[in-house]
Structure formats: structure tokens, C-alpha cells
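*Asks:* I'd like to ask some things about the structure below.
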Amino acid sequence: MRPLLGVSRAIDWVNGAVSRLAVWAVLLACVVSAGNAAIRYLLSYSSNAWLEVQWYLFTVIVMLGSGFTLLRNEHVRVDLIYGNLPLRARLWVDVFGLILFLGPAMALLAWMTWPFFLDSWIRHESSSNAGGLLRWPVKLILPIGFALIFLQGISELIKRIAALIGTGIGEVELVADYVRPEQ
């Protein structure tokens, strides 16, 4: 189990490092949005490129931050029963959910978005808007993001199985606590 826990630590580190890009993209998106609005209202000037930069940054935020969200166990879940289960039962629910749903879905989405990016890159696709940007960079973020979520799912699966069999879990951080959202 120790080699697998080492793989889990490496995946956690990668998603932690990549998530820092997502955090900086939030700040940059705010600056671009505020700057774009100020220029539009103060100087009566608008640029499609700056509008597109905003949604490119949103793509970076969501796709590169999702793996870290899974690592921190802060993803959205349906909480009809899960929150009332004991830890061991929650770990089993997570194991089955990771194997049956998250893993196949993320693998399929990564596989399906790769040709979407590749076609855009080969054709040097750019926005049809005047002054628009190249499309392939934002389309590349999709398979990368889905692959990172898939990898984080593998990491979480390894940690949960280690916790269930009781070996080496002290070597990695398992975030399995569940806090019901306040409304």
C-alpha cells in the first residue's frame, strides 16, 4: 500500500500546485473585469478580446481548481443520507462513487475533449468576434482539467481504501469529514 500512497501524495501535490494557477486566475479575472468595465464606461471603448479573456480565465478557475476541490472534499454532493452515515460507511460510499461514477465520467470527458482541442489547434481556430482570441488554448484546458480530476479521484480512492484496510493512512492527508452546508 505504501507505493500507492506515494502515488496519492504525488497526485495531491500536482493538484495543489495547479490549483494555485486557479487562485491567481480569480484575481486576474477580477482585475480584467473591473478594468474592462471602467474602460467601457469611462472611455466608451470595448474589446471582444478582453471579454473573451474573462471567460478563458473562468475556464481556468473551474477546470484547474476542481481537482483540488475534490482533494479538500469540498465538492458538491447529494446529501440525503451521506451526512448521517458513520465514517466507515461514508468511505465505502466514496469508494463506489469514485469507481462507478467519477472515474468513468472524467476519463470519458478527457478522452472526448482531446479531439475537440486537437481540431482547434490544427485549424488555428480563432474567435469569430472582431478582435477575438485563439480558441485552442482554452480548449486545451478542458482535457487537462478532466484528467486532473480523474487523477485526484485515483488519489482519493487509494486513501479511502487505505483507511478501510487500516494501513499507512497516516502517511497522507485523508479529508473525509463532512460538514453539512449552512443555509
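The values are calculated or read from the model by the stated rules, or taken from the named source; none is laboratory data. From a predicted model like this one, the values you see are computed outputs, not experimental measurements. Quick reminder, even Gly has a Cβ in these numbers, built from the backbone with ideal geometry, and neighbours come from all protein chains shown.
*Asks:* Can we say Val31 is closer than 21 Å to Leu133 by Cα, modelled with pLDDT of 90 or more and either assigned to a loop (DSSP other than H, G, I, E, B) or among the aliphatic types (A, V, I, L, M) (or both)? Step through it out loud before you land on a result.
*Replies:* Working: closer than 21 Å to Leu133 by Cα: yes; modelled with pLDDT of 90 or more: yes; either assigned to a loop (DSSP other than H, G, I, E, B) or among the aliphatic types (A, V, I, L, M) (or both): yes.
So Val31 passes the test.
*Asks:* Taking the condition more than 14 Å from the chain's Cα centre (by Cα), modelled with pLDDT under 75, of a type in the set (A, V, I, L, M, F, W, C) and under 22 Å from Leu71 (Cβ atoms), does Ala163 pass? I'd like the intermediate steps shown before the answer.
*Replies:* On the way: more than 14 Å from the chain's Cα centre (by Cα): yes; modelled with pLDDT under 75: no; of a type in the set (A, V, I, L, M, F, W, C): yes; under 22 Å from Leu71 (Cβ atoms): yes.
Against the criterion (more than 14 Å from the chain's Cα centre (by Cα), modelled with pLDDT under 75, of a type in the set (A, V, I, L, M, F, W, C) and under 22 Å from Leu71 (Cβ atoms)), Ala163 does not qualify.
*Asks:* Those residues that are without any contact (Cβ under 8 Å) to a residue 12 or more places away in the chain and either assigned to a helix (DSSP H, G or I) or touching a Phe, Trp or Tyr at 6+ places or on another chain (Cβ under 7 Å) (or both), I need them from region 39-54; list them, please.
*Replies:* Residues satisfying the conditions are Ile39, Arg40, Tyr41, Leu42, Leu43.
*Asks:* Right, something else. Quick check, is Asn15 outside any helix (DSSP H, G or I), touching a residue at least 40 places away in the same chain (Cβ under 8 Å) and either of a type in the set (S, T, N, Q) or surrounded by 19 or more Cβ atoms within 10 Å (Cβ to Cβ) (or both)? Write out each step before concluding.
*Replies:* Working: outside any helix (DSSP H, G or I): no; touching a residue at least 40 places away in the same chain (Cβ under 8 Å): yes; either of a type in the set (S, T, N, Q) or surrounded by 19 or more Cβ atoms within 10 Å (Cβ to Cβ) (or both): yes.
Taking the combined requirement at face value, the residue does not satisfy it.
*Asks:* Out of curiosity, is Asn36 free of Cβ contacts under 8 Å to residues at least 24 places away in the same chain and surrounded by 13 or more Cβ atoms within 10 Å (Cβ to Cβ)? It would help to see each step written out before you state the result.
*Replies:* Working: free of Cβ contacts under 8 Å to residues at least 24 places away in the same chain: yes; surrounded by 13 or more Cβ atoms within 10 Å (Cβ to Cβ): yes.
Considered against the rule, which asks whether it is free of Cβ contacts under 8 Å to residues at least 24 places away in the same chain and surrounded by 13 or more Cβ atoms within 10 Å (Cβ to Cβ), Asn36 comes out as yes.
*Asks:* Here is a further query. Among the numbered criteria (1) of a type outside the set (Phe, Trp, Tyr); (2) free of Cβ contacts under 8 Å to residues at least 60 places away in the same chain; (3) not in a loop (DSSP other than H, G, I, E, B), which one does His75 miss?
*Replies:* (3)
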